[in-house]
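Take a look at the structure set out below.
The values are calculated or read from the model by the stated rules, or taken from the named source; none is laboratory data. None of these values were measured; they are calculated from a predicted model. Methodologically, a virtual Cβ is constructed for each residue, glycine included, from the backbone with ideal geometry; neighbour enumeration extends over all protein chains shown. Note: areas computed on protein heavy atoms with side chains; ligands, DNA, RNA excluded. Shrake-Rupley method; radii C 1.70, N 1.55, O 1.52, S 1.80 Å.
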Amino acid sequence: MQINGIHHVTAISGPARRNLDFYGRVLGLRLVKKTVNFDDPGTYHLYYGDAAAAPGSILTFFPWEHAAPGRLGVGETQETVFRVPAAAIGYWAHRFVAQGVPHDAPVKRFGETVLAFRDPDGMRLALVGVSGIEAEAAWAGSDVPLEYAIRGFQGVSLLVADAAPTGAILSDVFGFHEIGRDDTLVRYRAEGAPFGDIVDLRVAGGFLPARQGAGSVHHIAFRAADDAAQDEMVRKLAENHGIRTTEQRDRNYFRSVYFREPGHVLFEIATDAPGFAVDEPAETLGHALKLPAGLESQRARIEAVLPALV
Ligand code: ZN
């Protein structure tokens, strides 16, 4: 069955070891896959998520040891937002102080409390306190108490010059619809998704264009249940919006097409199938370095150039 919403968010970071320390230890996410950038196999591709490595919880990074910092601008993801139980915001504010994580004072957005913070590369992140999600499963493998742990994404906000063309893609192709406006923000939600169901379009004229680098989101992937659902989305993009996607690429854990949406953000359509347990047991996700079949013969050479993670 097709469930809409965000599948994953992929960003660029500085050193892999620092990235793992922040997302694994400080935020308490599960490292659900340790592999390489298929297009640049001398660098890691690290995937973080919830206990089940579920679509809508997956944040991935291309860590480059010497990545230059990015500069936020129009046509880019402005903020990536995780859900926590409403009562957890105080815990996280204290944790950020104790861990030296730069953060803002909590603010209200659409009636919910939002705590914005930055990762070590300056990537803009936030926690939103959501009522009634305490009983949802969370990853128990970190020192963050379960009652406060992250429960997947709420969503992302995109900085665009004009909300309408991007909103049309979200509505017509990805099953979102507009649910509210707040100043310069237009909020879209995908009905039926357990999380990863919100995209906020922040209209910002006069900003400089983005420059990608460490701390930048590279792309946002939306869910397609399977190849047929993806094909249907590709057809709608072409017929209704005049947008062509790339050919499908096999990313081992999902199959993907990519396109630049009208606001210039790079979008991907990723299949839910086959998922992250396709090449290692669900219990030990992220423990071993996994390589696609085509790179397995180069394992020794790849392992020799990858930086140490601990
Ligand atoms: Zn992706």
**Complete:** Of the residues in the range 19-56 that are in contact with a Leu (Cβ under 8 Å, 6 or more places away or on another chain), modelled with pLDDT of 95 or more and outside any strand (DSSP E or B), the one that is nearest to the ligand (Cβ to nearest atom) is 53
**Asked** Among the listed residues 69, 41, which satisfies the condition of being open to solvent by 20 Å² or more (accessible area, probe 1.4 Å) and either among the basic types (Lys, Arg) or under 14 Å from residue 119 (Cα atoms) (or both)?
**Response** 69
**Request:** Within the range 174-203, track down each residue that is assigned to a loop (DSSP other than H, G, I, E, B) and open to solvent by 10 Å² or more (accessible area, probe 1.4 Å).
**Result:** 175, 183, 184, 191, 192, 193, 194, 195, 197
**Fill in**
Pairing a residue in the range 209-226 that is more than 13 Å from the ligand (Cβ to nearest atom) with any residue that is acidic (Asp, Glu) and part of a strand (DSSP E or B), where Cβ atoms lie under 8 Å and the two sit 6 or more apart in sequence or on different chains, gives 210/76; 212/76; 216/76
**Complete:** Here the residues within the range 95-128 that are more than 17 Å from the chain's Cα centre (by Cα) and assigned to a strand (DSSP E or B) are 103, 107, 108, 109, 112, 113, 114, 115
**Selected residue (only one of 253, 258 is free of Cβ contacts under 8 Å to residues at least 60 places away in the same chain and within 22 Å of the chain's Cα centre (by Cα))** = 258
**Asked** Do we have any residue at all in the range 8-28 that's within 15 Å of residue 309 (Cα to Cα), open to solvent by less than 30 Å² (accessible area, probe 1.4 Å) and of a type in the set (D, E, K, R)?
**Response** no
**Item:** So residue 304, is it surrounded by fewer than 15 Cβ atoms within 10 Å (Cβ to Cβ) and either at pLDDT 95 or above or among the hydroxyl-bearing types (Ser, Thr, Tyr) (or both)
**Value:** yes
**Message:** Quick check on this structure: which one of 261, 239, 280, 268 is open to solvent by 60 Å² or more (accessible area, probe 1.4 Å) and out of contact with any Asp or Glu (no Cβ under 8 Å at 6 or more places or on another chain)?
**Reply:** 239
